[in-house]
Amino acid sequence: RLRAEAAAASPGQRYLLDRKVAEQAKDALRAAGQRIARDVFAALMGIAREAVPRPLVADPDRAGEATIVLNGAFLVERARTNEFRAAVGQCMTEYDGKGISFEFTGPWPSYNFVGANPADA
């Protein structure tokens with residue numbers, strides 16, 4: 001609707017309407033990214049012994065390529081490693097072609113989970 005209004009508007013109004021359309025698109029993308037991040041985190045958390053969302057820190061060498069929507073650390077028992085990898089693969093397949101890519105790294109030391117739950121101290 002806004003695009004149609006912008007096409008018929010005067011140049012000044014068109015500029016403002018185009019900016020509004022761009023903001024709405026950014027908001028929609030942000031909301032979709034957050035929804036996907038929640039869904040993926042929940043799916044993987046069900047396999048992990050513990051899961052911790054980590055800060056979204058962009059790689060400066062790839063800043064123009066992508067926006068990070070999820071950075072999570074998952075503590076997975078060795079016996080469930082293959083199951084976890086399969087779940088990551090399933091997420092990759094589900095979102096392939098939708099502009100979502102995954103980087104799966106590890107295993108990493110369990111320092112991510114030290115002090116994660118103050119009640120456990």
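The values are calculated or read from the model by the stated rules, or taken from the named source; none is laboratory data. In this text, all values refer to a predicted model and were calculated from it rather than measured experimentally. Virtual Cβ from ideal backbone geometry, glycine too; neighbours counted across all protein chains shown. These area figures cover heavy atoms from the full protein model, side chains too; ligands, DNA and RNA do not enter into them. Shrake-Rupley method; radii C 1.70, N 1.55, O 1.52, S 1.80 Å.
Kindly report the accessible area of the chain per residue (heavy atoms of protein chains, probe 1.4 Å, no ligands, DNA or RNA), in Å².
On the way: 9310 Å² over 121 residues.
That works out to 77 Å² for each residue.
Accessible area ranking (1.4 Å probe, heavy atoms, ligands and nucleic acids excluded), largest first, for Ser10, Ser101: Ser101, Ser10.
Grab the DSSP H runs of the chain that are 4 residues or longer, score each as -39,500 (n - 2.57), total them, divide by all residues and round the 222 nm result to the nearest 500 deg cm²/dmol. Could you put the intermediate results ahead of the total?
Details: 3 runs with 57 residues, N = 121.
Taken over the chain, the calculation gives -16000 deg cm²/dmol.
Relative to the dominant Cα principal axis of the chain, helix 81-95 is inclined by about 10°.
Scanning the chain for trypsin sites (Lys or Arg not before Pro) lying in DSSP loops with no more than 14 further Cβ atoms inside 10 Å, the longest uninterrupted stretch between such sites is 50-97. Solvent-accessible area assigned to carbon and sulfur over the chain amounts to 53 percent, based on a 1.4 Å probe.
The slack in the chain from Leu75 to Leu56, taken as 0.36 nm per residue of separation less the alpha-carbon distance, amounts to 5.0 nm. Kirkwood hydrodynamic radius of the chain, from the reciprocal of the average inverse Cα-Cα distance over all distinct pairs: 17.3 Å. When the surface is traced with a 1.4 Å probe over the full set of protein chains, Tyr15 keeps roughly 130 Å² accessible.
Using R0 = 41 Å, the C-beta based FRET efficiency linking Phe113 and Lys20 works out to 0.40.
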